[in-house]
Amino acid sequence: MLGLFKRRAEDVSAANLYSACLSQSRLPEFYRSIGVADSYDGRVDLLTLHLTFIMKAARKFGAAGEQLSQALYDVMVEDFNIAMREEGLSDTGIKRRIKPMLALFYARAKVYMAALESGDDLQALMSQTLLADAGSSKGAAVMADYMGRADLLIDAMNEKQLRAGKIKFPPLSKA
């Protein structure tokens, strides 16, 4: 009977990783200094970027990495559900609002993942996505630099380190 309530190791890891990504994406510097829109969409987009770093790194670990990525996605969906319930939405309201959110997550994660893997111009990508409303090339340059450093740092982690969920993101600027 106790086994029914036992959490899988990847669920614990995913919860820790999600918490780290959520905390990092809430740093005021992203919104004040860089120009990420301090809106629901801006916050979700920045969270998506941070989750993408983790999901990309997890790919190296085959099936175990896929399970971790799926668990991370499940934690995110559950968090979105809880947030909407706290807003007072019913099950039908949640279903109606979560579909576009998840579609945006997939679309953005796919674009971010492809850019990180191919070495595309991250500054142009930031200008077109996360900072589209900001109009700041300086902010896009800082975000592109941050993306490159965060991706390298997280990608260098081994499976045990990643599963520990103690992600230390780089500072926003090199200084």
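The values are calculated or read from the model by the stated rules, or taken from the named source; none is laboratory data. Remember, predicted model here, so these are calculated numbers, not experimental data. When we count neighbours, we look across all protein chains shown, and the Cβ atoms used for this are built from the backbone with ideal geometry, even at glycine. Protein only, heavy atoms only, side chains kept; ligands, DNA and RNA dropped before computing areas. Shrake-Rupley method; radii C 1.70, N 1.55, O 1.52, S 1.80 Å.
The figures follow:
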| item | result |
| --- | --- |
| Given (1) surrounded by 14 or more Cβ atoms within 10 Å (Cβ to Cβ); (2) not in a helix (DSSP H, G or I), number of the condition residue 147 does not satisfy | (2) |
| Residues located in segment 11-33, provided they are touching a residue at least 40 places away in the same chain (Cβ under 8 Å), of a type in the set (Ser, Thr, Tyr), touching a helix residue (DSSP H, G or I) at 6+ places or on another chain (Cβ under 8 Å) and surrounded by fewer than 20 Cβ atoms within 10 Å (Cβ to Cβ) | 33 |
| Which numbered condition residue 113 misses (of (1) open to solvent by less than 70 Å² (accessible area, probe 1.4 Å); (2) without any contact (Cβ under 8 Å) to a residue 40 or more places away in the chain) | (2) |
| So residue 36, is it in contact (Cβ under 8 Å) with a residue 60 or more places away in the chain, hydrophobic (A, V, I, L, M, F, W, C) and not in a helix (DSSP H, G or I) | yes |
| Index of the failed condition, residue 82 passing every other in (1) touching an Asp or Glu at 6+ places or on another chain (Cβ under 7 Å); (2) over 17 Å from residue 53 (Cα atoms) | (1) |
| Qualifying residues in segment 150-168 (those that are open to solvent by less than 30 Å² (accessible area, probe 1.4 Å), closer than 13 Å to residue 17 by Cα and in contact with a Phe, Trp or Tyr (Cβ under 8 Å, 6 or more places away or on another chain)) - the one modelled with the lowest pLDDT | 162 |
| Residue that is in a helix (DSSP H, G or I) and open to solvent by 50 Å² or more (accessible area, probe 1.4 Å), where the choices are 173, 127 | 127 |
| Any hit, segment 101-109, residues being open to solvent by less than 70 Å² (accessible area, probe 1.4 Å), modelled with pLDDT under 80 and assigned to a helix (DSSP H, G or I) | no |
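Here is a yes/no grid of residues against (1) assigned to a helix (DSSP H, G or I); (2) at pLDDT below 95; (3) open to solvent by 40 Å² or more (accessible area, probe 1.4 Å):
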site: 45; (1), (2), (3): yes, yes, no
site: 50; (1), (2), (3): yes, no, no
site: 54; (1), (2), (3): yes, no, no
site: 57; (1), (2), (3): yes, no, no
site: 76; (1), (2), (3): yes, yes, no
site: 80; (1), (2), (3): yes, yes, no
site: 84; (1), (2), (3): yes, yes, no
site: 89; (1), (2), (3): no, yes, yes
site: 94; (1), (2), (3): yes, yes, no
